[in-house]
């Protein structure tokens, strides 16, 4: 199914499918971006372009416009916030952008934007609707790196059991992900998906995440993502991939580990915090995709805050 054709602006602007080869071209737009939802990292936008959701981009004056199209038609196409390295776009200009591009809706608007402009400046142009399914979990890097205090006692106990069984016996190695490790990581991902039953017919969220993770693995050296993997007896049993959202926050895009290995996830999560976020005081672990199991796991690490997401629809 082809994406709906959009009206061009006065600049005869054209949208194109976002691809890995576009990383260098669009990186300058993201260097000073101010939005604190995980979607506003260029690596995330690139890897989440797949068979279930496709991201299209266009350069317009001093900003980058992005819309999301859903080939299977279950959600209408919509914009996300414009990305500008120089300024923030006010509600009146957002409204004009929607009109000129023939979109009714802007999605994934962080709560901080509402805080800066206030509903009184937004309401003349848009209806405001919360999107709980896109609410991000944010943690202190220090908390996840050291797991201090009684609230993390169970996590530390599981880590101790894992270390006793595997680490002390020199059965574990942790290394950087690279193009050379791609095949092994893909094999592990397929085994993990069998364990979690993440085929499209089972859960579209997990199926889409699987495609995104494959994209990230195959392009890890060219789109600004850093990753680590963990081996037990030489075999990949976990991997994690991250990128920077802003100077204070990194995003943990993917973190997979076999649940059948006791304590592995807890040990590996601590390693990700220590090895991937040394320069970021905060870690954004994205949203829970409205999957209760994922929500429970994220809450068990006691997030510092949740970043709410909103949708604007033209009045």
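Can you go through 260, 270 and tell me which one is in the same structural domain as residue 141 (by TED's automatic domain parsing), surrounded by fewer than 20 Cβ atoms within 10 Å (Cβ to Cβ), in a helix (DSSP H, G or I) and touching a residue at least 24 places away in the same chain (Cβ under 8 Å)? Full working, then the answer.
Numbers: 260 fails: in a helix (DSSP H, G or I).
Matching residue, one of 260, 270: 270.
What residue, among those in the range 216-226 that are within 14 Å of the chain's Cα centre (by Cα) and crowded, with 20+ Cβ neighbours inside 10 Å, is farthest from residue 273 (Cα to Cα)?
Within the range 216-226, the match that is farthest from residue 273 (Cα to Cα) is 223.
Can you pull out every residue in the range 227-243 that is surrounded by 20 or more Cβ atoms within 10 Å (Cβ to Cβ) and touching a residue at least 60 places away in the same chain (Cβ under 8 Å)?
Matches in the range 227-243: 239, 241, 243.
Report yes if residue 128 is in contact with a helix residue (DSSP H, G or I) (Cβ under 9 Å, 6 or more places away or on another chain), modelled with pLDDT of 95 or more and within 23 Å of residue 270 (Cα to Cα), otherwise no. Full working, then the answer.
Values: in contact with a helix residue (DSSP H, G or I) (Cβ under 9 Å, 6 or more places away or on another chain): yes; modelled with pLDDT of 95 or more: yes; within 23 Å of residue 270 (Cα to Cα): no.
So residue 128 does not fit the description; no.
Would you check if residue 240 is under 14 Å from the mean Cα position of the chain (by Cα), modelled with pLDDT of 95 or more and not in a strand (DSSP E or B)? Steps first, answer last, please.
Values: under 14 Å from the mean Cα position of the chain (by Cα): yes; modelled with pLDDT of 95 or more: yes; not in a strand (DSSP E or B): no.
Considered against the rule, which asks whether it is under 14 Å from the mean Cα position of the chain (by Cα), modelled with pLDDT of 95 or more and not in a strand (DSSP E or B), residue 240 comes out as no.
Determine whether the range 296-304 contains at least one residue that is modelled with pLDDT of 95 or more, at positive phi and in contact with a strand residue (DSSP E or B) (Cβ under 8 Å, 6 or more places away or on another chain).
Yes, the conditions are met somewhere in the range 296-304.
Yes or no: residue 155 within 29 Å of residue 306 (Cα to Cα), in the same structural domain as residue 231 (by TED's automatic domain parsing) and either free of Cβ contacts under 8 Å to residues at least 12 places away in the same chain or not in a helix (DSSP H, G or I) (or both)?
Details: within 29 Å of residue 306 (Cα to Cα): yes; in the same structural domain as residue 231 (by TED's automatic domain parsing): yes; either free of Cβ contacts under 8 Å to residues at least 12 places away in the same chain or not in a helix (DSSP H, G or I) (or both): no.
No: the conditions fail for residue 155.
Report whether or not residue 110 is in contact (Cβ under 8 Å) with a residue 24 or more places away in the chain and farther than 29 Å from residue 211 by Cα.
No, not satisfied.
Of the residues 95, 112, only one is more than 14 Å from residue 313 (Cα to Cα) and either assigned to a helix (DSSP H, G or I) or out of contact with any helix residue (DSSP H, G or I) (no Cβ under 9 Å at 6 or more places or on another chain) (or both); which?
Result of the check over 95, 112: 112.
Output the number of the condition that residue 81 fails; it satisfies all remaining conditions of (1) part of a helix (DSSP H, G or I); (2) surrounded by 14 or more Cβ atoms within 10 Å (Cβ to Cβ).
(1)
Among the numbered criteria (1) at pLDDT 95 or above; (2) more than 28 Å from residue 73 (Cβ to Cβ), which one does residue 218 miss?
(2)
May I ask you to say which residue of 285, 308 is in contact (Cβ under 8 Å) with a residue 40 or more places away in the chain and closer than 26 Å to residue 211 by Cβ?
285
The values are calculated or read from the model by the stated rules, or taken from the named source; none is laboratory data. Treat the numbers as computed from the prediction; the structure is a model and nothing was measured. Backbone-built Cβ (ideal geometry, glycine too); neighbour counts: all protein chains shown.
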